[in-house]
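A short worksheet on the structure shown next.
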Amino acid sequence: MSFSSLKGLLSPTATSEYDVEKHTRLSSDGESSSGEVKRREGNGKDTKLIDGRVISDAIIGLSDGMTVPFALTAGLSALGDTKVVVFGGFAELIAGAISMGLGGYLGAKSEEESYHATLKETEKQTITDPDAVNETIHDIFTPYDLPPHLVTELTNHLTSSPNLPSFLMNFHHTLPEPSDSRALTCALTIAFGYFIGGFVPLLPYFFVGPNEAFLALKWSIATMAIALFVFGYAKTCFVSGWRGAKNIRKGVVGALQMVLIGGIAAGSAMGLVKGFQALADSS
């Protein structure tokens, strides 16, 4: 048994021969269940166009970008100067995007270093402590209710296989091998998402006069309320699903939560600026 076939066997989406045969016997439409499984697997491969971690990075960037810069622009609007809001907003956007991007880059690099350190330690263990490795392999196969003789054969095969470290990394440490471009992709995705999310509340300030910051704030609040609602709905449904009344309710709840969080952040920032302005005027 090769490592690739073994990995397919232990994959959570894999279906055993017994289950396929049982489903085929229970099927009433005459279509082979094994054909259905193959078709589902094929469709899964075809529809996986974007790495899930890239989507996660984009959500992180957009989520922060739609709350922090919005809160800042709302707070600066209390000063009544449109130019101050625009310049301050752009300064925060650039600094925030760079900071978020660097954070994502360093985080991905740390993940890569952790993977290689664990792999090196695993390779060392396969040589210095084979008994512990055999016990680990046995523990991996135990939840699958495999026959004892099959577990023994698999253990013996893996202990002499050059793919043993990779097997342990996948099924014992559950650490996927990071790609070489992961750190750069993570940094760019988070930074770009932050900038796009934060640019939305600044748009209304480009279409008003220099002393109409409060008017722009009203449009900015309306724009961000819609953007936060759409983003919260899409973020929730991307995880739970798009169809069905239950998923729609989850999406609406997630959207309202995003609007509430953004509103609290903006209100807090604006209140603080108002308070500082009142203190300055009183003194």
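The values are calculated or read from the model by the stated rules, or taken from the named source; none is laboratory data. Only a predicted model underlies this, so the values are computations on that prediction, with no experimental measurement involved. Reconstructed Cβ throughout: ideal geometry from the backbone, glycine too, with neighbour counts over all protein chains shown. To get the accessible areas, we keep the full protein, side chains included, count just its heavy atoms, and leave off ligands, DNA and RNA. Shrake-Rupley method; radii C 1.70, N 1.55, O 1.52, S 1.80 Å.
State whether segment 166-232 is rounded, prolate or oblate according to the following rule on the C-alpha gyration tensor (a ≥ b ≥ c being the square roots of its eigenvalues): a/c under 1.5 gives rounded; otherwise a/b larger than b/c gives prolate, and the remaining case gives oblate. Provide the component values of the computation, followed by the final result.
Details: a/c = 7.27, a/b = 3.16, b/c = 2.30.
Cα axes put segment 166-232 in the prolate bin.
Please work out, to two decimal places, the log10 of the ratio I(q)/I(0) at q = 0.17, 0.19, 0.30, 0.32 Å⁻¹ from a Debye calculation in which every Cα of segment 96-141 carries one identical scatterer. Scattering profile of segment 96-141, log10 relative to I(0): -0.62, -0.67, -0.96, -0.99. Roughly what % of Cα-Cα distances in segment 204-268 sit above 16 Å, to the whole percent? Of all Cα-Cα distances in segment 204-268, 52 percent exceed 16 Å. If you plug the beta carbon distance of residue 106 and residue 238 into 1/(1 + (r/R0)^6) with R0 = 41 Å, you get a FRET efficiency near 0.95. A 1.4 Å probe run over the protein chains yields, for segment 213-283, 63 Å² of accessible area per residue, whole-number rounding. Accessible area per residue for segment 80-179 is 59 Å², calculated with a 1.4 Å probe on protein heavy atoms, without ligands, DNA or RNA.
Orientation-averaged projection of segment 65-205 equals 11.6 nm² [convex hull of Cα atoms, one quarter of hull surface area]. Between residue 128 and residue 222, residue separation times 0.36 nm minus the direct Cα-Cα distance comes to 27.4 nm. From the alpha carbon centroid of segment 210-279 to that of segment 108-171 is 47 Å. Farthest toward the positive end of the dipole of segment 58-143, out of 82, 104, 61, is the Cα of 82, where the dipole comes from beta carbon charges about the Cα centre. Among the GluC sites (Glu not before Pro) in segment 101-199, none is located in a DSSP loop while being surrounded by at most 12 other Cβ atoms within 10 Å of its own Cβ. Of the peptides 176-186, 237-247, 90-100, the ranking by mean beta-carbon count within 10 Å, highest at the top, reads 90-100, 176-186, 237-247. For segment 157-276, the equivalent ellipsoid built from the Cα gyration tensor has semi-axes of 44, 20, 13 Å, listed from largest to smallest. Placing a pseudo-label 7 Å from each Cα along the Cα-to-Cβ vector at residue 256 and residue 161 gives an inter-label distance of 5.1 nm.
Below 13 angstrom from the Cβ of residue 105, what's the summed charge of the other residues (Lys, Arg +1; Asp, Glu -1)? Working shown, then result.
On the way: positive: 109, 182; negative: 57, 111, 112, 113.
Around residue 105, the surrounding residues sum to -2.
With a ≥ b ≥ c taken as the square roots of the eigenvalues of the C-alpha gyration tensor of segment 119-168, please select rounded if a/c is under 1.5 and otherwise prolate if a/b is larger than b/c or oblate if it is not? All intermediate terms of the calculation are to be shown ahead of the outcome.
Working: a/c = 2.10, a/b = 1.94, b/c = 1.09.
Since a/c reaches 1.5 and a/b is larger than b/c, the shape of segment 119-168 is classed as prolate.
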